[in-house]
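A quick write-up on the structure given underneath.
Read-outs: derived from the displayed coordinates by stated rules, not from any lab. Note that the structure is a prediction, hence the values are computed from the model and not measured. Glycine also receives a Cβ, built like all others from the backbone with ideal geometry; neighbour counts cover every protein chain displayed.
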Amino acid sequence: MTGTGPVEPVNSSETGESHDVIGVDSPRPTDRLRERWSALPPRTRTAALLALLTAAVATGVLLAPHHHRTERPEPAPWPANVTAWHYLGPVSPPNSPAFAGRFRFAVTVGKGPPVTLEVTGASSPGLRARALPEPDFTVRPGTPRRITVQISVSHCSGLPLNADLPFLDVTLRNTRAIQRHSFIFGGAFSRDLSELLHAACAPTSS
Amino acid sequence: MNTLPQQLANGLLLGSMYGLIAIGYTMVYGIVQLINFAHGEIFMTGAFGALTVYFYILPDGTAMAVAVPLMLIGGGIVAILIAVGAERFAYRPLRGAPRLAPLITAIGLSLALQEVVRNFYPDADRARAFPGLDTTHDIGSVTIKDADIFLVVAAIVCMSALAFFVRKSRTGRAMQATAQDPDTAQLMGIDTNRIIVIAFAIGGFFAAVAAVAYGLKYGNIDYRMGFLMGLKAFTAAVLGGIGNIYGAMLGGLVLGVAETLASAYIDGIPGMQQLGGQGWSDVWAFALLILVLLLRPQGLLGERVADRA
Amino acid sequence: MRRSMVILTSVLATGALTLTACGSRDDNGGGDSGDNGDSKTLTIGVDAPLSGENSTTGLGIQYGAQIAVDDANKNKLVPGVTFKLKALDDKAQPATGQSNATSITGDKTAVGAVGPLNSGVAQTMQQVFASANMVQISPANTNPELTQGKNWQTDKKRPYKTYFRTATTDELQGSFAAGYAYNKLKKKKVFVVDDKQTYGAGLAKIFAEQFKKVGGKVVQTDHVNTGTKDFGSLVTKIKNSGADLLYYGGQYDESALITKQLKDAGVKIPLFGGDGMFASTYIEAAGASSEGDLVTAIGVPADTLPAAKTFIETYKAKGYKGDYGAYGAYAYDATTAIIKAVKAAVDANDGKVPSDINALRSTVVDEVQKSDFEGLTGKVAFDQYGDTTNKQLTVYQVEKGEWKAVETGTAELN
């Protein structure tokens, strides 16, 4: 997103905004006001000042209690809402058995407590999937983790060889909740997986 | 599994409902030559009248055997009041006016009734749940539920009562006379205004019966339900020969069965997949209407030439 | 001289009192030309079905946007600008949507629009907003064509650069539903019905294709007319087809009737639908017959989003009608994206609202494209087609008369 934007500091737009509010916005209106101000007769100025002062005090008094409202600590996010998978590519050794393939993914957790993941399945009942070397692994927020998922074909019958949008079933666990979640992939993973399935179940046609 | 009996049953049930509403169109037309386009909305208000009885008047948990007759009465009262009110305040002042004026009034009244219900009936702008009669029975390969039985019984009873009333009773014969020639009938001492009010009231009551059956069958009602049902019922009335009460019922049944069978079987005919299915059922129903009107412009049972229409 | 002073003082005092009195209230009626000489009211249009069909979810969009506007005004997100909502009812009809779009673009204070609900309505609105160069963000449209062009399957091409959406597409929704139906529900034979509308027909088609692809069988398809109440003939066909699942592409108005008539006829197979069916009204209208029925909906359940908690509380506290569950939070984020874009435009213009509304609208379109912030529903950002980058879906099932999330999914396409 920032790539297409105007010349901007590297900051995210979030932090940029709060700066703008304080620093950049204010000068213009004040300049204008100053012009008008000096055009006013002295008595009016005093009266206006007094009125403004009253207004400011009134506003302050009325708004003050709102400021120290208790900021509840934000509860931990649900794991499915902060976890993202990105497909990197197949693991190279092609001489692994034809009925199984290994794929690399980058898993990131956006914020909150660490999330423990367990890959429990893939697109079809005829496929088994597990993460290597351990079936479950933990990802901490801010530090993406690369993992390998092995997908093996247990039986070919009824197995769709060209699924458009294959997915991985993953159980996500953090201090907030345990969720069953599907990560759906398009493009590269779809092609690579379908290559594996062709090799395993329809070797003649490939 | 042979689905024909079930599909026929579906069609006859739908057709009975069309027929009940079509009576209202046909009676009013037969006597005053007015197409009361607000009749669909009278049907709708009948449904809301019945709902009011069930939800706001009867205590919770009233047995349906008690509730249904009371709902019929409540819905009937509302529908009759609105039908008669429409006649008295919207149509009667226009009786001598050109034919287009009452027709446009009817359309305006129809919109007004819809908006009144939508705005003033609680939560009427979306489907409101209606108590259902959902117990099902298997008769051979046909599955029907209590609401369907209610509909069939109601249609038969109403139809027979109406036939008896029109043929045998004094008022009924006065009605026939008015339909034949209002001016002469008046000269013979018939209070035609009273006859017209009675025609509207009977139409309204039949619509309310159909509305209760509708609610019991489909389980919910909304303020727009009258539009499509009214249109279909009007079609049924024309199909059967507008002005003829038996024609209205027959037209309803033919329309319902035609619609159902078209939607059930046409896409099974090779080469016709694109023209079949539920989505095309209205097209076939109206194609049938056009065909019938081409061959018999007066409708299936219509006798009189449409000299005054 | 003295009189003018008295007037000035009283004006200022009144202004000050009004401001303090209004304090946390949303719009303080523009105010007088006192010290904030630049105060300006900008309008954000909302178009959704607010009465009749689909209005439960449509009202959720309206009030979701309303809360976003209230929050922005309360927090003075854009100094010197008060936002106002202009909600128009499209009755789920394309022609009405188009005239509403014209009315919004004709409003000289309007900077952008949120909506509509129905993809078919969106098709007629896109052109109007494109000619006015005004941004339109739909929280609910899922038809792929809207952002990726007619040939989205083979050759993606964005038709209108002013159109964005915070909802994901039916390509994903249909595939997710097909995968869930086949793998998790173990359903092999599906009967597919749609309502012939842009959204429903598109979704049903994608579902049918994907269901076949994963290995299932589509035993029969049928189409219904919106507004139909009697589905007796359809139900008999379904019963006779031996299907173990009914998939419906369309809205809750018809599907609630279909599921009721289906179960009443003794066909105990679940009905599975898309986000158009995800509304409390579906369960209310179908009653116990809806038990076990499923939908896919965009996003994750609102109650798992910590940021949405205040939103839901506000929605309930204000007693707003409609159902925020399906798109309320997405409408909030869509509205916030427009507000933030206005802010960026104002900032780029030395803190002043550009006086030329057309220039402002055009800048807002560019800024919405660059959106990148944490919304209620997660990260709000748009890809090169105007689609959200936050592609999440949830399968809900009716359990004891309530929608319950049974499975969630995130897509990462590429």
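Placing a label point 7 Å from the Cα of residue C:349 along the Cα-to-Cβ line, the residues of region C:364-394 whose backbone N sits under 12 Å from it are C:364-365. Taking 4 °C and 1.567 mPa s as conditions, region A:79-201 diffuses translationally at an estimated 89 µm²/s according to Stokes-Einstein applied to its Kirkwood radius (Cα pairs). Counting every C-alpha pair in the protein assembly as shown, the share spaced more than 51 angstrom apart comes to 31%.
Straight-distance candidates among the lysines for linking to residue C:213, with alpha-carbon spacing under 19 Å and chain neighbours fewer than 8 residues away dropped: C:184, C:186, C:187, C:188, C:189, C:205. Per-residue ellipticity at 222 nm, computed for chain B from helices alone with -39500 (n - 2.57) per DSSP H run of at least four residues, works out to -22500 deg cm²/dmol.
With all pairs of different C-alpha atoms in the average, the Kirkwood value for the hydrodynamic radius of chain C is 22.1 Å. How large is the helix-only mean residue ellipticity at 222 nm for chain C, computed as the sum of -39500 (n - 2.57) over DSSP H runs with n ≥ 4, divided by its residue count, in deg cm²/dmol to the nearest 500? My calculation for chain C gives -13500 deg cm²/dmol from helical runs alone. Using R0 = 30 Å, the C-beta based FRET efficiency linking residue B:57 and residue B:188 works out to 0.10.
Can you pull the one-decimal nm distance between simple spin-label points at residue A:145 and residue B:163, each 7 Å off the Cα toward Cβ? The modelled label-to-label distance comes out at 8.1 nm. Using the Cβ-Cβ distance between residue C:212 and residue B:64 with R0 = 60 Å, the FRET efficiency computed as 1/(1 + (r/R0)^6) comes to roughly 0.85. Using only Cα coordinates, the Kirkwood hydrodynamic radius of region B:179-261 works out to 14.7 Å. Before anything else, pin down the relative contact order of region B:17-233: Cα pairs under 8 Å, at least 6 apart, normalised by residue count, whole percent. Rounded, it is 44 percent for region B:17-233. Each label was represented as a point 7 Å from its Cα along the Cα-to-Cβ direction; for residue A:91 and residue B:171 these points are 9.0 nm apart. When the square roots of the Cα gyration tensor eigenvalues are ordered a ≥ b ≥ c, the ratio a/c for region B:210-309 is 1.5 or more and a/b does not exceed b/c, which makes its shape oblate. When the Cα convex hull of region B:17-233 is projected onto planes of every orientation, the mean area is 12.9 nm². Here region B:1-39 is scanned for amide nitrogen atoms under 18 Å from the site 7 Å beyond the Cα of residue B:107 along Cα-to-Cβ, giving B:34-39.
Counting only DSSP beta bridges with both residues in the protein assembly as shown, the antiparallel share comes to about 60 percent. Extending 7 Å from Cα along the Cβ direction at residue C:225 and again at residue B:291 yields two label points whose distance is 1.8 nm. Listed values for region C:68-80 are Karplus-derived 3J(HN,Hα) couplings in whole Hz (6.51 cos²θ - 1.76 cosθ + 1.60, θ = phi - 60°), namely 4, 5, 4, 4, 5, 5, 5, 8, 6, 4, 10, x, x, and x replaces Gly and Pro.
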